[in-house]
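The values are calculated or read from the model by the stated rules, or taken from the named source; none is laboratory data. Keep in mind that what you see is a predicted model, and the values were worked out from it rather than measured. Please note: Cβ atoms are built from the backbone with ideal geometry, for glycine as well, and neighbour counts cover all protein chains shown.
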Amino acid sequence: MVQHFTQKLALVCMVLGMFFGVPLLALTAQPPVAGKPMLVVVPPWASIPAVVSKAGGRIIGPQLATLGGLAVADTPNFRQKLKEAGAWAVLDGRRTALLCGV
């Protein structure tokens with residue numbers, strides 16, 4: 001009985017992974033481009049506006065999520081500066097910006 005439950009649970013996890021994983025990959029598959037929106041992911045204890053400001057960029061978009069937000073800067077090394085300022089990940093935000101109406 002436990003093995004049957006484990007198999008069903010594994011199948012549900014695979015389906016949910018594909019359901020959520022494929023759109024996420026489509027949104028973030030391209031590398032960030034300087035001067036274009038970037039999706040900045042920060043740890044829960046960090047302030048998104050503070051990380052972006054420290055890196056020399058500005059927040060764009062109508063609002064911020066708990067762990068991320070959209071930012072932009074014209075400097076070519078903005079992605080690296082965001083990482084140095086405490087960002088966990090910096091992803092291409094162009095498609096996310098389109099979805100958010102930015």
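Would you point out the residue of the stretch 67-102, among those that are touching a helix residue (DSSP H, G or I) at 6+ places or on another chain (Cβ under 9 Å) and in a loop (DSSP other than H, G, I, E, B), that is surrounded by the most Cβ atoms within 10 Å (Cβ to Cβ)?
Taking the candidates together, the pick is G93.
Which of the residues spanning the stretch 53-63 are within 20 Å of L98 (Cβ to Cβ) and at pLDDT 90 or above? If you could, list the steps in order and put the result at the bottom.
Residues of the stretch 53-63 within 20 Å of L98 (Cβ to Cβ): 57-63.
Within the stretch 53-63, G57, R58, I59 meet the criteria.
Does L67 satisfy being in contact with a Gly (Cβ under 7 Å, 6 or more places away or on another chain), of a type outside the set (S, T, N, Q) and at pLDDT 75 or above?
On the way: in contact with a Gly (Cβ under 7 Å, 6 or more places away or on another chain): no; of a type outside the set (S, T, N, Q): yes; at pLDDT 75 or above: yes.
Spelling it out, it is not the case that L67 is in contact with a Gly (Cβ under 7 Å, 6 or more places away or on another chain), of a type outside the set (S, T, N, Q) and at pLDDT 75 or above.
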